Amino acid sequence: MLALELLAAAPLIATASLLYDGVDRKVRARMQGRVGPPLVQPFYDFVKLLSKDRIVPRASARLIYTTSPLLSSALAVTAGSLLLAGLAGSLRVPGDVVLILSLLTVASLLLMVGGASSGNPYAAVSLARGVSVLFSYKVPMMISVIAASAGGAPLLSVAGAVELQRKSGPLALSSVSGALALASFLLCMPSEGEVTPFDVTTAETEVVYGFMIEYGGPYLALAKLAKSVSRFTAALLASSLFLYTPLGSRPVELAACALGAVVLALISITALGTFVARVRVRQVAGFYLRLPMVLALGALAALLLGRF
Amino acid sequence: MVFVSRSRAKSPWIFQVNAASCNGCLIELLAALSPRYDAERLGCVLVGSPRHADILVAMGPVTSKTLPVLVRAYRQMPEPKVTVALGTCAVSGGVFVGSHVFEGPVGKVLPVDVYIGGCPPKPEAILRGLMKAAEKLEGVRG
Amino acid sequence: MGIGKIMKDAATRLFRKPSTIGYPLKPERVEVPDSYRGAIDFDPKLCVGCMLCVRFCPSGAITVADKRRIAFDLARCIYCGQCAEVCPRKAIKLTKEFELIYESIESFKQQ
């Protein structure tokens, strides 16, 4: 039963993620005073890339190079589907929040390793940069998510956090711990989506799209899908763990949750990416070990102080 | 299948090669991507890797130094792909015909699908040329 | 420009009309400056055959086809306007036509 639901949720999360990408590009263009591409542009890009020729560089480790975009996008879509199932209430397993975040981590790591296996030196540099960014932002992200979902009935689960919020209102508005955790999570979201200022891994002016440099055609389509699903899943996770608003009926609440995810992503990914320029790798690592880390630890401390 | 060919026409990603151009055409190409002309309306994105590209925009007279680079960039692009020769130098060589390093216009070393004349062409002309190249992409089967 | 000013500018632009022109998608006149030098307009009736333009053309775009008939190759032309400048009878003019997009190099030849 759960497997069927996950299968149904997979195309839903993929479509929603690509649609959000279209919104992102449109809003970004309008902020820069341009008309921008149509909303369905990411779908055009995806289909076009799928229909293109497949090129595997001779210097690459063929197996890793060809399978990692597929695996990575599958893992990202699985993470998104698990989140949807948790939101719908059909997945009630302790620790599924941790599983979702870990799947997203492995998805980005796989993509970097696959790109680096192409033999391109830019991709290798990108792997080194990517790993240092990954480990600097995933730690505060994980802590803030744990702080948000520790109070639920199945421990550390989406369903538990949602049920708790249905009783006592949105977590970020009802507790200090929730507010601090949300602030920390929002600061980590641009890194999850790999957008400016934290896109040092795929910086086009420095490492020419990093690990994506050799990927073309269907591989690039899947790599881009994995990225955009990770981006939207992180936004949806933030909206469901911190800002789930009880509105009476479940479908209305879910729609509000999705809308909240779009608004959060527009603030912390689209708008931030339009305002600021790219920072350096060392600055990314330094930044995440300071403000978001302090916020996340503060959220955890507030939670523990409140309980004991 | 209609949707596939339509997607190709709607998302032509461009990769530019400056084959010894004076940068006049390059500046106008970048102007075509600026808010006033906004090539992203047509789905055009300037990409940094030939592996991602659909349209190769070549500028300048091809010299003996840039010839291998240009041919290599073209070979690295996945099919289907089209080539655009941008500016007088890329179309015919212009004032550089007869130079000892001039290897011939872009059309002599690569199959060119769309020629955009002008020295440099106006951004409006570049947009029109890119639209024509995108139509060519739609027609390509493969 | 401080970050505050950038944020304000971007936020107001989001709700304002974009500054993009409609041109290639919508039929709209393109503003071409008066000093713009576009495709060449040649009037053979005014030509006296002095061949000054052929001598002055820096890129060799003007050739003599046969007696008193000169031909322009817009593929070679760099639109410098030297030919129009030196022509004693003003038989050569540079128009505002800027859209020179063809699929073959032969199409650039005039007359």
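The values are calculated or read from the model by the stated rules, or taken from the named source; none is laboratory data. Owing to the predicted nature of the structure, the values given are computational and were not obtained by experimental measurement. Glycine gets a Cβ as well: all are built from the backbone with ideal geometry, and neighbour counts include every protein chain shown. Just so you know, the surface numbers come from the protein's heavy atoms only, side chains and all, with ligands and any DNA or RNA stripped out. Shrake-Rupley method; radii C 1.70, N 1.55, O 1.52, S 1.80 Å.
Given the structure, is B:V82 among the aliphatic types (A, V, I, L, M), touching a strand residue (DSSP E or B) at 6+ places or on another chain (Cβ under 9 Å) and open to solvent by less than 20 Å² (accessible area, probe 1.4 Å)?
For B:V82, the condition - among the aliphatic types (A, V, I, L, M), touching a strand residue (DSSP E or B) at 6+ places or on another chain (Cβ under 9 Å) and open to solvent by less than 20 Å² (accessible area, probe 1.4 Å) - is met.
Please determine, by comparing only the residues of segment B:1-42 that are open to solvent by 30 Å² or more (accessible area, probe 1.4 Å), within 12 Å of another protein chain (Cβ to nearest Cβ) and in a loop (DSSP other than H, G, I, E, B), which one is farthest from C:K26 (Cα to Cα).
B:C22
Does C:P27 qualify as being modelled with pLDDT of 85 or more and either surrounded by fewer than 12 Cβ atoms within 10 Å (Cβ to Cβ) or among the polar types (S, T, N, Q) (or both)?
The answer is no for C:P27.
So which residues in segment A:50-81 are open to solvent by 60 Å² or more (accessible area, probe 1.4 Å) and among the β-branched types (V, I, T)?
Passing the criteria: only A:I64.
Have a look at A:V276, A:V262 and point out the one that is touching a residue at least 40 places away in the same chain (Cβ under 8 Å), within 13 Å of the chain's Cα centre (by Cα) and open to solvent by 10 Å² or more (accessible area, probe 1.4 Å).
Testing whether each residue is touching a residue at least 40 places away in the same chain (Cβ under 8 Å), within 13 Å of the chain's Cα centre (by Cα) and open to solvent by 10 Å² or more (accessible area, probe 1.4 Å) leaves just A:V262.
When you go through A:V98, A:V56 one by one, which is the residue that is β-branched (V, I, T) and under 25 Å from A:G260 (Cβ atoms)?
A:V98
Could you count how many residues in segment C:1-60 are closer than 18 Å to B:G118 by Cβ, of a type in the set (S, T, Y) and touching a Lys or Arg at 6+ places or on another chain (Cβ under 6 Å)?
2
Report the residue count in segment A:37-54 for those that are closer than 19 Å to A:A16 by Cα and in a loop (DSSP other than H, G, I, E, B).
4
In segment A:280-294, what residues are at pLDDT 80 or above and within 29 Å of A:V27 (Cα to Cα)?
A:R280, A:Q283, A:V284, A:A285, A:F287, A:Y288, A:L291, A:P292, listed by residue number.
Taking segment A:134-162 as the search range and keeping residues that are buried (at least 23 other Cβ atoms within 10 Å of the Cβ) and β-branched (V, I, T), which one is nearest to A:L182 (Cα to Cα)?
Only one residue tops the list, namely A:V145.
Scanning for something touching a strand residue (DSSP E or B) at 6+ places or on another chain (Cβ under 7 Å) and surrounded by 11 or more Cβ atoms within 10 Å (Cβ to Cβ), does segment C:30-38 turn up at least one residue?
Yes, some residue in segment C:30-38 is touching a strand residue (DSSP E or B) at 6+ places or on another chain (Cβ under 7 Å) and surrounded by 11 or more Cβ atoms within 10 Å (Cβ to Cβ).
List pairs: first residue in segment B:95-112 and more than 10 Å from every other protein chain (Cβ to nearest Cβ), second residue in a loop (DSSP other than H, G, I, E, B) and surrounded by fewer than 19 Cβ atoms within 10 Å (Cβ to Cβ) anywhere in the structure, Cβ distance under 6 angstrom, at least six positions apart or on different chains.
B:V101/B:S64; B:E103/B:S64
Return the pair list, or none, for Cβ contacts closer than 9 Å from residues in segment B:113-133 that are under 12 Å from B:E28 (Cβ atoms) and facing chain C (nearest Cβ under 7 Å) to residues that are among the acidic types (D, E) and open to solvent by less than 40 Å² (accessible area, probe 1.4 Å), at least 6 apart or on different chains.
B:L127/B:D38
Exactly one of these conditions fails for A:S118: (1) closer than 30 Å to A:A223 by Cβ; (2) part of a helix (DSSP H, G or I). Give me its number.
(2)
Find the residue count for segment B:47-94, including only residues that are outside any helix (DSSP H, G or I) and more than 14 Å from chain A (Cβ to nearest Cβ).
So the answer is 16.
For segment A:1-11, what are the residues that are more than 25 Å from A:Y215 (Cβ to Cβ) and open to solvent by 30 Å² or more (accessible area, probe 1.4 Å)?
Hits for segment A:1-11 are A:M1, A:L2, A:A3, A:L4, A:E5, A:L6, A:L7, A:A8.
From the list A:A29, A:A14, which one is touching a residue at least 60 places away in the same chain (Cβ under 8 Å) and either surrounded by fewer than 19 Cβ atoms within 10 Å (Cβ to Cβ) or assigned to a helix (DSSP H, G or I) (or both)?
Sole residue among the options that is touching a residue at least 60 places away in the same chain (Cβ under 8 Å) and either surrounded by fewer than 19 Cβ atoms within 10 Å (Cβ to Cβ) or assigned to a helix (DSSP H, G or I) (or both): A:A14.
Please indicate, with yes or no, whether at least one residue in segment A:233-252 is within 14 Å of chain B (Cβ to nearest Cβ) and among the hydrophobic types (A, V, I, L, M, F, W, C).
No, that holds for no residue.
Report the residue count in segment B:2-28 for those that are of a type in the set (D, E, K, R), under 28 Å from B:C89 (Cβ atoms) and modelled with pLDDT under 90.
Here the count works out to 0.
Applying the selection to segment B:95-107, what residues are crowded, with 23+ Cβ neighbours inside 10 Å and out of contact with any Gly (no Cβ under 7 Å at 6 or more places or on another chain)?
The one that is crowded, with 23+ Cβ neighbours inside 10 Å and out of contact with any Gly (no Cβ under 7 Å at 6 or more places or on another chain): B:V106.
Tell me, which helices (runs of 4 or more DSSP H) lie completely within chain C with 2 or more residues that are within 12 Å of another protein chain (Cβ to nearest Cβ) and not polar (S, T, N, Q)?
Of the helices (runs of 4 or more DSSP H) lying wholly inside chain C, those with at least 2 residues that are within 12 Å of another protein chain (Cβ to nearest Cβ) and not polar (S, T, N, Q) span C:3-15.
Which pairs do you get when a residue that is of a type in the set (D, E, K, R), found in segment B:29-46, comes within reach of a residue that is assigned to a helix (DSSP H, G or I), reach meaning Cβ atoms under 7 angstrom, with the pair 6+ apart or on two chains?
Partner pairs satisfying both residue conditions: B:E40/A:A29.
Are any residues in segment A:32-45 more than 8 Å from every other protein chain (Cβ to nearest Cβ) and buried (at least 19 other Cβ atoms within 10 Å of the Cβ), and if so, which ones?
A:P42
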